[in-house]
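In what follows, a structure is listed as structure tokens, so that the remarks can point back to it.
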Protein chains: 2
Amino acid sequence: MNGAEALLKSLINAGIEVCFANPGTSEMQLVAAIDDIPGMYPILGLFEGVVTGAADGYGRMADKPAATLLHLGSGFANGMANLHNAKRAFTPIVNIIGDHATYHLALDAPLTSDVPAYAALTSDWVRTPESAEAIARAGVEAVAASMAGRQANLIIPANYAWTEGCEPAKAIAIPEPEKVSPERIVAAAESLRSAEPSCLFLGGKALRERGLNAARRIASATGARIIHEVFPARLQRGRGRPTIERLPYLGEFASNVLKDLKHMVVVGTQAPVSFFAYPGKPGTLWPDTCNICLLADQQQDQIAALESLADYMDIPEAPPQKDPALPNIPKGLITAEAVAAVIANLLPNNAIISDESQTSGAFTFEYFDAAAPHDWLCLTGGAIGQGLPVAVGAAVACPDRKVINLQADGSAMYTNQSLWTMARENLDVCVVIYNNSRYAILNLELARVGVEKPGERARSMLELTNPRLDWVSIAQGMGVKANRVTTTEAFQFQFEQAMSSKGPRLIEVIL
Amino acid sequence: MNGAEALLKSLINAGIEVCFANPGTSEMQLVAAIDDIPGMYPILGLFEGVVTGAADGYGRMADKPAATLLHLGSGFANGMANLHNAKRAFTPIVNIIGDHATYHLALDAPLTSDVPAYAALTSDWVRTPESAEAIARAGVEAVAASMAGRQANLIIPANYAWTEGCEPAKAIAIPEPEKVSPERIVAAAESLRSAEPSCLFLGGKALRERGLNAARRIASATGARIIHEVFPARLQRGRGRPTIERLPYLGEFASNVLKDLKHMVVVGTQAPVSFFAYPGKPGTLWPDTCNICLLADQQQDQIAALESLADYMDIPEAPPQKDPALPNIPKGLITAEAVAAVIANLLPNNAIISDESQTSGAFTFEYFDAAAPHDWLCLTGGAIGQGLPVAVGAAVACPDRKVINLQADGSAMYTNQSLWTMARENLDVCVVIYNNSRYAILNLELARVGVEKPGERARSMLELTNPRLDWVSIAQGMGVKANRVTTTEAFQFQFEQAMSSKGPRLIEVIL
């Protein structure tokens, strides 16, 4: 058994079932191993950003890692933007990165790159095994490391992959997430008992249903608000689940929302800061007079922390919540609001929403509080091009659940190759493209630096016109059935069709 | 004048005319500056790999840098694969990379990344100015540094970009490339006078017409062969220009071609090594008994070195060369060979070919020795997804020349967004897609590791089928006129149409 085969068997032993792949020559031994050894399902992405974004979506929904297969430094670089997002989402991922044979590196062949230096940019777990025999053990350690909510970047030199005489490793125990200390629980309880304005500020696993229920217990007894980070990795929401506040994206609005707080108990995220700096505006969004109390960080057991806090404060179950009302569906020319109203009303039970709608979704997030229960996945790290591949990965992880991708057009272009993988794997994804033909967020940001009426050169960098993208053609070119709509009625018809059938569909909404 | 405006004026002072851009929030000051100050033409790419690949194509043809405008570490990462290629091509490029305000970095906002660490992966020239006032000077230094055939990675913190009270810098002198020492010329002359089998092994600027003419002088007097590196950045070839040998891509063939050599005089490249390592095969491609003599490296004056060598050896002009014959154009079902035969016969004078044809072009490279004079641009660093954006950049640099992109389908997917920029800028590019629906090179490589009959799982990672890509739809979706052909006659008709009109066109060849 060669190193590649031993690695593959070890990854399978450790529970990995899916490998999102875009291999090259230095990974051919691994391709051959996947071919020979049953138990690992390979899924091809036609660009590495698809591969890594899909692994992120998979990991968020499966709560365990997929493997990726990437080609040297440049292949890894193509996947780095979505690995940045996955890092911010604390998603478990095991990246298998092929490298040249160890003795070939000194020759500086054209594709030679410093792979460990690339890999170190997205993770503090980077390993190049010291021998072929060491690959298998490194593989199971990578899986265990990833389960702490991070990426394991395992670099496999080609000559180790082809060396015979290797043995697979057995899975090693996955460490439980650390429990928070009693001192932290006491401190959080003190904050919340103060009778001053307080909030629970939640992210990460605190936004799973159990975490939210515990948070609502606490809030119902203490009067604390519950606010979640702007772009959570996975938020369980919809009818019957606690309805909580979302922190606004723009710093001015966020500061305003938080301005009266005296106590903020943070769980599964960090205290909120502005995405970008602006002249004369603060970077931290809470008031100076607000006391920040970290209950659990992103790698600790956040749900247990919230439940322990509620128990410690001796708080009973919260009374039932009255679900908010569904939005009305308007008629006539389509708008971003009408899109959301239709989807919120027609959302199937237990759907997954991959949201990269950017400005088009900015004012409709709350519509979905009243929708059927669902999981909501966001662009966690701000590196655009995540929505389509995260939908791919979520659909692979949850083949029995409908996935809906709310997708801005500009962001969609970065990883448009995802559509092909949806078609290839017949994934049950409905992509809704908001075609407003601009980087609308940048029009806003340009205004914020004082350019109210941009000239031709600035507009040429912010508008996706001349020509306008035709997403129906692009999708059809990659094998995905697609329709274009300009009215709410037409959108509703197409969306109903998509919800009542299986397989990938794209609906282009002209805004 | 703020830092962004001072930088822009300085870059214009230093001769930069074009900025390939994919900006984000942290670059809005630079967008505003481009809007306000005439002299810099911005060209939007809908993905950073388009931006950096276009800058590579531009720099190769203009022999001076374009600027790029990139957004933080993740935006830079999206462009890194083509920056790797550009590094291997020794292309001058000035990357302007926006970063957070200096005081914002410590807050670890979602898009925060270690931008200098990213930038260091593609260049040893990485600079973050120490103040707003220092930006302008750093800008002109970046241009000068790039002219030595490398990338200058200039990181601009947002707060420096918006700080007022800055002044532009004047251009600084561009250092001439270093002349090689007389000792090197004497050593090369000795090698070539030995009467043993010898060759000139050429890359870089040695492959410009003047360099090739000097090489042919030397070869005609000494009997040395002239061989060029597999994937040159820019080779001037066609009727009336010296016809030289190309080193084969596969190591076995390359070793065979070089096996009798006793002396290799290397100019503008490094002595040839195998792209990848294979068990039991050597990484260096020259025989152990061959003496390697480096005449000029990639950053020295390679053309002057060859001319000085010819003069030193007192060699007269070479006798006229008999041009090779054009290939016959076959009839019937299209093949990769027929595509090349048609293009070689119909190539307009002074065209530019961006070649990322991979296996489909492997056996037809020589056809073009007999074509009208042209420039041939290759995938220099092996990071696929370069052919389309290099065509973009070449067309921007040379608006009066026809650009033809010979493009493998698998590689084309990586930066398919290039098509939109071709349409937006009405670039005179004819894209010829070889649609063989597979990563054919990887089928070959898999066979080389011993898998002659790959099973279903391996084939799923190497074949671009189920569904097959429809490049006509994809191109039309981005505004590029496109046709599909299955016969040589149809291809010839479409290619003639493309050559007799201006603007972007795509021809999908079904193989």
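Between copies, how far does the label point of B:ALA173 sit from its twins, in nm, shortest first, when each point is 7 Å from Cα along Cα→Cβ?
Relative to the other copies, B:ALA173 has label-point distances of 7.1 nm.
Please list, in chain and number order, the residues 5+ apart from B:THR487 or on another chain whose amide H is under 5 Å from its amide H, with Hs placed from the backbone.
B:ILE334
What whole number of Å gives the distance from the Cα centroid of segment B:187-226 to the Cα centroid of segment B:368-404?
26
Quick one: dipole size for segment B:3-162, taken about the Cα centre, charges +1 on Lys/Arg Cβ and -1 on Asp/Glu Cβ, in debye to the nearest 20. Numbers along the way, then the final one.
Details: 8 positive and 15 negative charges, 100 e Å.
Approximately 480 debye in magnitude.
I'd like the distance separating the alpha-carbon centroids of segment B:454-511 and segment A:77-102, in whole Å.
32
Say each of A:GLU456 and A:MET499 gets a label point 7 Å from the Cα, pointing the same way as Cα to Cβ; how far apart are those two points in nm?
Result: 4.7 nm between the two label points.
Hey, with R₀ at 56 Å, roughly what FRET efficiency would A:ARG210 and A:THR486 work out to, going by the Cβ-Cβ distance, to 0.05?
Details: r = 42 Å, r/R0 = 0.76.
Rounded to the nearest 0.05, the efficiency is 0.85.
Provide the net charge surrounding B:LEU8, with neighbours chosen by a C-beta distance below 13 Å and charges set as Lys +1, Arg +1, Asp -1, Glu -1. Before the final figure, lay out each step's value.
Working: positive: A:ARG457, B:LYS9; negative: B:GLU5, B:GLU17, B:GLU27, B:ASP35, B:ASP36, B:GLU167.
Value of the local net charge: -4.
What list of ³J(HN,Hα) couplings, whole Hz, do you get for segment A:250-257 from phi and the Karplus terms 6.51, -1.76, 1.60, once you set θ to phi - 60° and write x for glycine and proline?
Here the 3J(HN,Hα) series is 6, x, 4, 5, 5, 4, 5, 5 Hz.
Which of the trypsin sites (Lys or Arg not before Pro) found in segment A:135-212 are loop residues per DSSP with 12 or fewer other Cβ atoms within 10 Å of their Cβ? Intermediate results must be reported in sequence, preceding the final value.
Working: sites: A:ARG137, A:ARG150, A:LYS170, A:LYS179, A:ARG184, A:ARG193, A:LYS205, A:ARG208, A:ARG210; in loops: A:ARG150, A:LYS170, A:LYS179, A:ARG193, A:ARG208.
In loop regions of segment A:135-212 (DSSP not H, G, I, E or B), the sparsely surrounded trypsin sites (Lys or Arg not before Pro) are A:LYS170.
Under the rule of -39500 (n - 2.57) per DSSP H run of 4 or more residues, summed and divided by the residues of the protein assembly as shown, what mean residue ellipticity at 222 nm is obtained, to the nearest 500 deg cm²/dmol? Please list the in-between numbers first.
Values: 38 runs with 377 residues, N = 1022.
So the helix-based figure for the protein assembly as shown works out to -11000 deg cm²/dmol.
B:ASN426 versus A:ALA187, label points 7 Å from Cα toward the beta carbon: distance in nm?
Each label point lies 7 Å from its Cα, and together they span 6.5 nm.
Can you list the copy-to-copy distances for B:ASP314, using a point 7 angstrom from Cα toward Cβ, in nanometres, shortest first?
Going from nearest to farthest copy, the values are 11.0 nm.
Mean separation of Cα pairs under 8 Å and 6+ residues apart, divided by the residue count of segment B:69-184: what relative contact order is that in percent?
Numbers: 174 pairs, mean separation 37.3, N = 116.
Once divided by the residue count of segment B:69-184, the mean separation gives 32 percent.
Among A:MET461, B:MET422, what is the fewest-to-most ranking by other Cβ atoms within 10 Å? Write out the running numbers ahead of the final one.
Working: A:MET461 25, B:MET422 29.
By the 10 Å Cβ count, ascending: A:MET461, B:MET422.
Anything over 26 Å Cα to Cα? Flag those among B:LYS64/B:LYS262; A:LYS179/A:LYS281; A:LYS87/A:LYS179, in the order listed.
Working: B:LYS64/B:LYS262 37 Å; A:LYS179/A:LYS281 37 Å; A:LYS87/A:LYS179 21 Å.
B:LYS64/B:LYS262; A:LYS179/A:LYS281, as the Cα separations exceed 26 Å there.
Sort shortest first the distances from B:PRO197 to its counterpart in every other copy, using label points 7 Å along the Cα-to-beta-carbon line, and give them in nm.
8.6
Could you size up the charge dipole of chain A around its Cα centre, putting +1 on the beta carbon of Lys and Arg and -1 on that of Asp and Glu, and report it in debye to the nearest 20? Don't skip to the end; give the middle numbers.
Numbers: 41 positive and 53 negative charges, 255 e Å.
I would put it at about 1220 debye.
DSSP loop chymotrypsin sites (Phe, Trp or Tyr not before Pro) in segment B:334-368 with at most 12 other Cβ atoms within 10 Å of their Cβ, which ones?
On the way: sites: B:PHE363, B:PHE365, B:TYR367, B:PHE368; in loops: B:PHE363.
Listed in order of number, the matching sites are B:PHE363.
For the protein assembly as shown, give me the percentage of DSSP beta bridges that are antiparallel, rounded to the nearest 5 percent. Don't skip to the answer; put the middle values down first.
Values: 12 of 142 bridges.
Looking only at bridges with both residues in the protein assembly as shown, the antiparallel portion is about 10 percent.
Taking the dipole about the Cα centre of segment B:357-511, with the C-beta of Lys and Arg at +1 and of Asp and Glu at -1, give me whichever of B:ALA371, B:THR487, B:PRO454 is farthest to the positive side.
Comparing the listed Cα positions along the dipole, B:PRO454 ranks first.
Would you please give the residues with an amide H less than 5 Å from that of A:LYS402, counting only those at least 5 places away or on a separate chain, with H modeled from the backbone geometry?
Sorted by chain and number, the residues that satisfy this are A:ILE352.
How would you rank B:444-454, A:372-382, B:351-361, highest first, on the average number of other Cβ atoms within 10 Å across their residues?
Most protected by this proxy first, the peptides run B:351-361, A:372-382, B:444-454.
Laboratory data are not the source of any read-out in this text; all were calculated from the coordinates shown. All values reported here derive from a predicted model rather than from experimental measurement. Heads up, the Cβs are rebuilt from the backbone with ideal geometry, glycines too, and the neighbour counts pull from every protein chain shown.
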